[in-house]
Structures are given as structure tokens and as C-alpha cells.
Amino acid sequence: MKKITILISMILSCGLLFSQNLPNINLKNLNGKSVNVQKLTKSKNVKVLAFWATWCVPCINELDAISEVYEDWQDETNVELIAISTDDSRTKKRIRPLVNGKDWTYEILLDDNQDLKRALNITVLPHLLIVKNGEIIYRKTSYTPGSEDEIYEIIQKYTN
Amino acid sequence: MNKILLFLTCIPLGLSLSAQVLDNITIGLESNTVWYNDDSETGDFFDNANNDGDKHIRSNNYLKIDYNFLESFTASVQIESYEPFALLNYSKSYEGTNLGTYSLNYRDSKLNITAGHFYSQFGSGLILRNWEDRQLGINNSLQGGKVVYEPADFVSLTALYGKQRVGFKISDGEVFGFNSELDAGALLDFRETSLGIGLSYVGRKEDTPFVDPTFDELTNLFSGRVDFYQNKFYSNIEYVLKSEDAIKQGGQLSNRFVTGGSAILFNTGYSKSGFGIDATFRRLENMNFFSERNAAGNVFNESSINYIPGLTKQHDYLLTNIFVYQAQSTVNLDTSQSGEIGGQLDLFYKIKKETLLGGKYGTKIALNASYWAGLSGDYIQDNPDAGTLPSYEVELFGFGGKYFSDFSLEIRKKWSPKWRSILYFVNQSYNKKIVEGSGAMITSNIGVIESTHKLGNGKSIRFEAQKLNSDSAKHDWTGGTIEYNLNSKFSVYVNDIYNNGSDSDTEKTHFFNVGGSYTKGATRLGLNYGRQRAGLLCVGGVCRFVAEATGLTANITMSL
């Protein structure tokens, strides 16, 4: 157990030293078009990649909460949120009606066999990445009401 | 074990010398440790799978490292440790510490080549899906090679070969696959319309145990798909054909019972801003498909090549997950089963702001209904004396006995900037005999009220009250949850469900959990003490049975 603790703390300390690049993976959008994740995020504007699923209640709560303030976020920082659904073929059908039914305006990408989720070593949902110039500058897991405000502070910090 | 830990510790240390290298590494760590306790109410700890009652502390650990180099290459390893044994209810094939998966991948704009373990999915997965679910103890990746070739942006071709991962070993059976996807909409330069066509093949080759087999070593599955999307309307259809193969009856592979299978999947929907509707129909006939024929019916879902999820809504609350449907695709003449037929309907609607029902913030409504039944037809038992072979004859669109139905309504309402609530109602009918092997049809009504109150400074509190009434004297449940978020990092919760009915497995027992979590960035630590109810644990429409257990659980997940 002691060794596991040492191992974890070492990995943690390494993690503080670097910012990662996104993997070169293509995902489909809701219109069936292929989108390259690297190209999409190579931008001076901050991009938020939010990993979610239709069956994940905290994910829906987070995206619902952000959707209420999203217009203000975009006006002030030009940030773009890309909601990456990890739904498999069981619940994938529910994505389109759910997104429209909730009136979300995010771009939706489909990671239906979890290729991107696996490549980024994401284990729990919701999981959120803040990306600028193709580099991951912040990662966060789980959602509590109000934590979207902390996300926005980071977005503001990296704008310009 | 110690050497591996030391080795793993050295990797990140050595790499920290070079930031260049670190920029291209991602690491995922997951650790789940349970200290199982003897429980005065539900009995002493005992692990039937390993016939062990002494090793109370168990730990499942996963470390995955991905390294991107020379722009186009990725090397990936996953090390897994189940010490001293895996957690309860995991397959015995996960034992000790070992290399779980490894792969080397090359990718450019046209080619994507993987050697080693890979995960692949053709279409909806009805004929092939490799995936990992650590909670369910599933990792059915293939070990071999895969090539994906995209000569133009409207066409994608995949060829693969491999043996399937089973615990830390690989299957005897071999899997061959070929997949083609054509974006006909892009090819024909449609502006507003998308039209996709997919054709796939999967073959499984395994030696037969019979001297004179009445079926081939190689079983073939074909899938054809059309995917259409225009403006607000979409529709897709898939047809699957499975060649003749031996059926397992009464736990034995039979040379006398050989038959094929098929699947039809149809989905259509319409959605616009504030409104969405989606309908699915599916018929399955003898669609079980494993890399080893004898794996059919295993409770751990090991060796499955295709993905057959239950198409019902995945509910979010404790009492809505007591009776969970599992897709039925197995042939069983004793219960006149050869598959299932049925469908599911989803409706989403947002009542606009500043209307009578919408109020200041609008109201969000989600409705789901599903119905599943057996295939109606004639089922003929094996009778060597009379010279009849086992067989069945089913109608294409005939609905047999009911297996499951579910109706649910969810209303989400924000009352003020600080208060929001969810009202949830479910009506379910569950054929316990079909899904679990014994019992009768149970019909239940479940109501849930959930409210979240923001207290400012990141503090918030959430309540859930749940009630389940059924037509059976055995099930009358009450449940509740309280969760308190101290800030965005610390969270504590307590929940409890209690059956006032006469069900001998669960009556008069509190299935409670108390726990807390700490989250910082992408690191989460969780600690939980509680009593787990025996029953089906389901993730993504795939279920396995878990035994009753009481204990202290610690989870660590980390992504770097």
C-alpha cells in the first residue's frame, strides 16, 4: 500500500510539469462528418471539451448549467464548448433529440467506442478539458452545482 | 508485484527529465480497494468464486500509459493488478498482476495501423464490438492486427484479425473482420442530406469438439446498414445475418441442434430546437456470438464478440434500478426462447420560458417507453427416440410472451437561481423468470423527487426521496439520499434503501451507503462504507449479477 502511495505521488508530481497535446483522432459530428480533434483545438481561442453521456446525470446538470450562461461566456471570451458524447450504440440514438430538446447550442461530437476517451485516459464522467493552441491546459472531473464558475475563471485567465 | 511497482515508479521519474517526452504522454490510473466485513445481518464474508473467506482486503488496479512519438506513432500499455484476489463478482480469470493490453499504433491521414491489442466496432456493434468496462469486469479487446484505410474522405475500409482477450489469456477461437463505410452523401455532393452505407463481415473460427460435426468451424456474420439524415429528420436501418452454428442446450454444446440467426434494427427520429422524438425497433434471433462456443451463457460476459445491449432507458436512481432488463438473444427450448422483439420511444420537450407551465426558466420534460417480448412460434424439443431433432420456427414480426415494459416521465424544473428539482415517475413490468431464471412477472410504480439547493460559495445540498410500490407482496421499497457539497472539491453523501416486503433476500434490511469524495482537477478520491444489495449491476445495457457484500471501499482515479 505504501508503495502505491509513493507511486501515485510521483505520477502526480510529474503531471504538474507538462501540458499535453491532444491525440490525432477523428470523431464524427451529428451530421456524419469527420472532425479531427487536433485541428479543431489548434486555435488561439480557448476551447472546452466536455465528455458526457446521455445517462450521466451530473454531466447533464453541468451542460444544462453552462447552457444558461453560455451566451455570456461566448460574448466575453469567444470560448467554444464541444460536448463529446461517449454514449455507445445503446444510448447514442438519444443524443440528437436530447440535445435539441434541451436547446443546447454546443457542437456535439460522437466518441461511440470511446477511442478518444481511452486515448486521453479518462476513467470517470463528467470530464472536462480546457484547451488552447492544441494543448491541454486544465483537466477536471466530476461536477458540483456552481463549479461552472470556476471553469469560467480559468477560461478568462487564458483568454488573450 | 514489488518489482512491477518499482518499475512503474521509475518510468514517470525517468521521463520527468524530458519535458518533450512528457508533453506526449497521457496516464490513467484507477484503483478500487475494498475491505469486506462480516455482517451480523447478512452473514460472514465469503468469496464463492475463489472459495475463500480469509482475504478480506481486495484491490483492482489499472495503470494505462500512452506515449505519442514521431508525430504518427502511439505506444500504449495497460498494467492490471488484482491482489490478492479480484474484488467479489469478478471472473477468476483476472488474477494477480500482469500486463493487460499493449499496442503500437501508426496513424496518418489515410492509414491507421495497430498491432497488439485493439478495440473496434462495426456499425452499432451487433456483429462486432471490443470494449472495456472495468466495473463490469469486461475487456474483450482483440490481440492481433488492424488496418483502417481511408483513401478519400467519403470511404473507410477496415480489416482486422485477432484472438480475444479472456482475463490475462487469449481465446482459442480466431476472429476475422472486414468493414466498409461509404459516405454516399459526400460522394454525390448532397448539400442538405447525409447518406451513409455500411457493409461488414465477421468470422469466428474455432475447432469443433465433435468427430463428425454437423456445422462448420467458421461461423460467418454479415451486416448491412443505411444511415440517412436530412435537416431535422433522420433514420437508419441495419440487417444482420448469422450462419448456422451449434446451439448450447442444458450447458452442453449440441451436434444435433444447429441453426442460424438474424437481427433487424430500425431507428428513426425528428428533432428541432426545444423538441425531439426518437423511436427504435429491434428484433433479435439467436444472436449470441462468442470467440469460444462454450462461453455462451457465462455470467461475466467474457468472450463476447458482439454487443447486444438491452434497449431500455438507463435509470439513475437506486429504486429504479432494482428490476433491470437484460436483452434476450439466447436460444432456450425449455422456456420457448429464441430471441426478442420490441421497441423504445423517447420524447424530449422544453416548455418555453415565460409561459404558464414554463415559468421564469422554462421546464424540461423527458418521456420514455419501451416494450420487449419473446418471439412467437413453435419450439420442438429434442427427442432421439421419436427421431425428432431440436428446432424452432418463429414468425418474423410475431410478439410472444411479454419480457419487460417500462414507462418513465421526467420533469426538470428550475424554481429560482438557487433551487432546482427533478420529478421522476416510472411504471415497470419485469418478467423475473425470463431475465433472472426464476420468479414471476412483477409490476411496480416508482416515484422520485430530487431537489438541489445552492447555498453560495460553492456549497450545495441535494435530496432524493424514492418510493417503489409493486403488485407483489415481496417488494415495497423506500429510499433516500442526502448529498452535501462543501465546495467544488469536497462532497459527502448518505443513502439508504429498505424493503418492507417479504422478499427473503432483501426484507427488513437497510442497504445503506455513507461516503465522501475529494476532487482536484482530474484526480478523484472516494471513500465509502456500506451494504451492497445482491442483484443485477448494469452498465451500458450489459448486466452481471453481484452478490451481497458489506465493506469499506476506497477509489482513486487519476488522468494525466
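Filtered by the rule that a residue be touching a Leu at 6+ places or on another chain (Cβ under 9 Å), more than 7 Å from chain B (Cβ to nearest Cβ), over 13 Å from A:W73 (Cβ atoms) and not hydroxyl-bearing (S, T, Y), segment A:128-160 gives A:L128, A:L129, A:V131, A:G134, A:E135, A:I136, A:I137. Count of segment B:266-305 residues, restricted to those that are within 11 Å of another protein chain (Cβ to nearest Cβ) and among the polar types (S, T, N, Q), is 5. In the set B:G447, B:G437, only one residue is exposed (fewer than 14 other Cβ atoms within 10 Å of the Cβ) and closer than 30 Å to B:N499 by Cα; that residue is B:G437.
A Cβ distance below 8 Å, combined with a sequence gap of six or more or placement on separate chains, defines the contacts here; from segment A:76-87, residues that are under 16 Å from A:N26 (Cα atoms) reach residues that are among the small types (G, A, S) and part of a strand (DSSP E or B) in the pairs A:I82/A:A50; A:A83/A:A50; A:I84/A:A50. Among the residues of segment A:56-80, those identified as surrounded by 21 or more Cβ atoms within 10 Å (Cβ to Cβ) and touching an Asp or Glu at 6+ places or on another chain (Cβ under 8 Å) are A:E62, A:I66. At pLDDT 90 or above, surrounded by fewer than 20 Cβ atoms within 10 Å (Cβ to Cβ) and within 23 Å of B:R524 (Cβ to Cβ): does that describe B:S31? When the stated conditions are applied, B:S31 passes them. Restricting the first member to segment B:515-530 and to residues that are farther than 13 Å from B:V492 by Cβ, and the second to residues that are outside any strand (DSSP E or B), the beta-carbon pairs closer than 7 Å and six or more apart or on different chains are B:K520/B:K489; B:R524/A:V124; B:R524/A:S142. The residues listed here are B:K467, B:K433, B:K413, B:K474; of these, the one that is in a loop (DSSP other than H, G, I, E, B) and either modelled with pLDDT of 90 or more or of a type in the set (V, I, T) (or both) is B:K474. Every condition in (1) in contact with an Asp or Glu (Cβ under 9 Å, 6 or more places away or on another chain); (2) surrounded by 15 or more Cβ atoms within 10 Å (Cβ to Cβ); (3) farther than 19 Å from A:L27 by Cβ; (4) not small (G, A, S) holds for B:L142 except the one numbered (1).
Among the residues making up segment B:120-145, those that are over 15 Å from the mean Cα position of the chain (by Cα) and within 12 Å of chain A (Cβ to nearest Cβ) are B:S120, B:F122, B:G123, B:I127.
Table: residues versus (1) under 29 Å from B:K364 (Cα atoms); (2) in contact with a Gly (Cβ under 7 Å, 6 or more places away or on another chain).
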site	(1), (2)
B:L218	no, yes
B:F257	no, no
B:S262	no, no
B:F266	yes, no
B:F275	yes, yes
B:N288	no, no
B:A295	no, no
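Summed over segment B:504-519, residues that are in contact with a Lys or Arg (Cβ under 9 Å, 6 or more places away or on another chain), loosely packed, with under 14 Cβ neighbours inside 10 Å and at pLDDT below 90 total 2.
Criterion first (touching a strand residue (DSSP E or B) at 6+ places or on another chain (Cβ under 8 Å) and in the same structural domain as B:K418 (by TED's automatic domain parsing)) does B:K467 satisfy it? Taking the combined requirement at face value, the residue satisfies it. Please go through segment A:100-118 and give me each residue that is among the charged types (D, E, K, R), touching a residue at least 12 places away in the same chain (Cβ under 8 Å), within 13 Å of chain B (Cβ to nearest Cβ) and more than 17 Å from B:D316 (Cβ to Cβ), ordered by number. Matches in segment A:100-118: A:D103, A:D111, A:D112, A:D115, A:K117. Please tell me if B:E83 is at pLDDT 90 or above and more than 8 Å from chain A (Cβ to nearest Cβ). When the stated conditions are applied, B:E83 passes them. Restricting segment B:363-404 to residues that are buried (at least 20 other Cβ atoms within 10 Å of the Cβ) and under 19 Å from B:I277 (Cβ atoms), the residue that is modelled with the lowest pLDDT is B:K364.
The values are calculated or read from the model by the stated rules, or taken from the named source; none is laboratory data. What you see is a predicted model; the values in this text were computed from it and never measured. Every residue, glycine among them, receives a Cβ derived from its backbone with ideal geometry; neighbour counts consider all protein chains shown.
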